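Remarks on the structure that follows.
Each value in this text was obtained by applying a stated rule to the coordinates, not by laboratory testing. Here the structure is a predicted model, which is why all the values come from computation and not from measurement.
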Amino acid sequence: MSTGFEGINPVNAGITGITSSIQKILPPVQAEQEEKAVGLDEVKDSAFGSLFGSLIQNVKDTDAEFTQAQYLLATGQLDNPAQLNIAAYKNEIAVDLLIQMRNRALDAYNELKNMNV
């Protein structure tokens, strides 16, 4: 009967015994994590990854534009106060679009995950 603790000596089962057992277990786990990291690079280079990258960049850009418009209005440098509302609306739409795309992607992933093959 295997207990999973074959490498641990009951007499010396202190930190060193546990550490050596963990080191026996860790190399396969680290290899799996490296494979997952390679997979993430492939996703970033795909059309799917570039779409989400561009959506995130759009949110950052519209947020910076909105923040700049707020600053200009607060310092009295904004000629047209309606520009602040336009920038706020553009930022809101960009965030809503990103959230909707995320939700759709998660729904599609869950549907694929629950498929019987």
With x for Gly and Pro, the residue-by-residue ³J(HN,Hα) of the range 85-102, computed from phi through the Karplus equation 6.51 cos²θ - 1.76 cosθ + 1.60 at θ = phi - 60° and given in whole Hz, is 5, 5, 5, 5, 5, 4, 5, 4, 5, 5, 5, 4, 5, 4, 5, 5, 5, 4
The answer for residue 78, listing residues at least 5 apart or on another chain whose modeled amide H is closer than 5 Å to its amide H, is 73
The extension gain from residue 80 to residue 104, computed as 0.36 nm times the residue separation minus the Cα-Cα distance, is 4.9 nm
Semi-axes (Å, rounded, descending) of the ellipsoid equivalent to the range 40-117 per its C-alpha gyration tensor are 37, 13, 7
